[in-house]
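What follows is one structure encoded as structure tokens, with my remarks underneath.
The values are calculated or read from the model by the stated rules, or taken from the named source; none is laboratory data. Being a predicted model, the structure only gives us computed values, none of them experimental. Please note: Cβ atoms are built from the backbone with ideal geometry, for glycine as well, and neighbour counts cover all protein chains shown. All accessible areas refer to the heavy atoms of the entire protein, side chains included, with ligands and DNA or RNA removed. Shrake-Rupley method; radii C 1.70, N 1.55, O 1.52, S 1.80 Å.
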Amino acid sequence: MKLHHLRNATLVIETEQHVILVDPMLGKRKTIPPFTIFRYNPHRNPLVSLPKNSREILSRVTHCIITHLHPDHIDKAGEVFLRRKSIPVICSVQIEKELTKRGLNITQTLNYWEPESFLDGKITGIPAIHGYGFIAKLMGNVMGFFIELANEKSIYISSDTVFTEHVQKVLVEFEPDIATVACGTARLDIGQPLLMRMNDILKFTALAPGKVFANHLEALNHCPTTREQLKNALAENNLLSKTAIPADGTFVEY
């Protein structure tokens with residue numbers, strides 16, 4: 001299995017049989033307004049372009065999973081791509097209606113904790129709480145996914161979440177071989193962070209039974225944590241050897 005990191009949370013799971021796109025933010029630089037104006041510099045998003053090799057990787061996509069509706073996970077360009085190729089989309093029941101309205105080809109919807117058949121294996125929707133405190137309510141419904149395909153390593157796409165009992169349950173009871181974690185510590189102009197603080201990223205990584213794949217870094221104006229800061233914190237806690245912090249356009253083979 002290869003995990004291609006394109007940008008931010010946009011990744012591609014490639015197996016011999018399937019090429020699964022996750023959370024396609026495929027637009028050019030600066031096509032989305034800033035997410036914060038006062039707390040951090042109000043640069044337009046995304047801050048960086050898609051890597052040069054993304055077109056070739058995207059040309060092989062067979063399915064798409066969408067965790068939630070925020071534009072840094074599904075933007076206009078992502079929608080156009082999915083519509084044009086009529087790619088089968090898998091998402092939570094809560095966002096099905098909205099994505100159908102946008103003309104996407106929804107072929108499977110999931111409820112939390114209910115495993116479903118998926119390709120040659122199965123998929124389970126996992127609750128994701130997008131922020132600490134009241135801010136999570138404003139962020140709406142988010143779903144992570146636990147994916148088990150035949151003859152492949154299991155993978156937990158934790159999505160935009162803080163550390164919760166749901167996250168802990170997946171790491172401890174489901175024992176994913178690979179677990180992705182959003183590490184940018186995003187914040188709006190009000191409220192607490194929308195993603196795990198560093199201590200929770202470290203807790204997630206320590207608890208993960210297998211490898212960790214860190215993303216949601218250095219692509220948005222409201223995500224201050226850098227790859228270097230993350231790397232240093234992981235190294236200080238002897239967790240770097242189990243963690244990949246991929247550059248845009250690179251892949252990790254598992």
*Kindly indicate which of R197, R187 is of a type outside the set (G, A, S) and buried (at least 20 other Cβ atoms within 10 Å of the Cβ).*
R187
*If you check every pair at least six apart or on different chains, which have Cβ atoms under 9 Å apart with a residue in the stretch 169-187 that is touching a residue at least 60 places away in the same chain (Cβ under 8 Å) first and a residue that is of a type in the set (F, W, Y) and buried (at least 21 other Cβ atoms within 10 Å of the Cβ) second?*
D177/Y156; I178/Y156; I178/F213; T180/Y156; T180/F213; A186/F35; R187/F35
*Restrict the check to the stretch 173-193 and report whether at least one residue is over 27 Å from R29 (Cα atoms) and in a helix (DSSP H, G or I).*
yes
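Please state which one of A77, A136 is open to solvent by 10 Å² or more (accessible area, probe 1.4 Å), touching a residue at least 12 places away in the same chain (Cβ under 8 Å) and under 17 Å from H216 (Cβ atoms).
The match here is A136.
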*Taking only the stretch 228-248 into account, find how many residues are surrounded by 15 or more Cβ atoms within 10 Å (Cβ to Cβ) and either part of a helix (DSSP H, G or I) or not polar (S, T, N, Q) (or both).*
10
_Tally, over the stretch 200-222, of residues that are without any contact (Cβ under 8 Å) to a residue 40 or more places away in the chain, open to solvent by 10 Å² or more (accessible area, probe 1.4 Å) and not small (G, A, S)_ = 4
*Considering only the stretch 65-74, state which residues are surrounded by fewer than 19 Cβ atoms within 10 Å (Cβ to Cβ) and over 21 Å from R29 (Cβ atoms).*
L69
*Filtering the stretch 97-131 down to residues that are among the β-branched types (V, I, T) and within 17 Å of the chain's Cα centre (by Cα), which residue is nearest to C64 (Cα to Cα)?*
I123
*Which members of the stretch 188-199 meet the condition of being more than 19 Å from the chain's Cα centre (by Cα) and touching a residue at least 60 places away in the same chain (Cβ under 8 Å)?*
D189, G191, Q192
*Any pair with Cβ under 6 angstrom, 6 or more apart, that starts in the stretch 148-163 at a residue that is within 15 Å of V12 (Cα to Cα) and modelled with pLDDT under 95 and ends at one that is of a type outside the set (S, T, Y) and assigned to a loop (DSSP other than H, G, I, E, B)*: none
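For the stretch 161-206, give me each residue that is among the charged types (D, E, K, R) and within 20 Å of M139 (Cβ to Cβ). Even if it seems obvious, please write down each step before you answer.
Pass one, the stretch 161-206, residues among the charged types (D, E, K, R): 165, 169, 173, 175, 177, 187, 189, 197, 200, 203.
Hits for the stretch 161-206 are E165, R187, D189, R197, D200.
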*Could you pull out the residue among E96, E152 that is touching a Ser or Thr at 6+ places or on another chain (Cβ under 7 Å), part of a loop (DSSP other than H, G, I, E, B) and open to solvent by 10 Å² or more (accessible area, probe 1.4 Å)?*
E152
*Sole exception among (1) touching a helix residue (DSSP H, G or I) at 6+ places or on another chain (Cβ under 8 Å); (2) closer than 25 Å to C91 by Cα; (3) surrounded by fewer than 17 Cβ atoms within 10 Å (Cβ to Cβ) for F174, by number*: (1)
*Can you tell me which residue within the stretch 230-243, out of those that are polar (S, T, N, Q) and without any contact (Cβ under 8 Å) to a residue 12 or more places away in the chain, is nearest to V12 (Cα to Cα)?*
S241
_Enumeration of residues in the stretch 155-179 that are touching a Ser or Thr at 6+ places or on another chain (Cβ under 8 Å) and under 21 Å from H68 (Cβ atoms)_ = I155, Y156, I157, S158, S159, D160, V167, V170, F174, P176, I178, A179
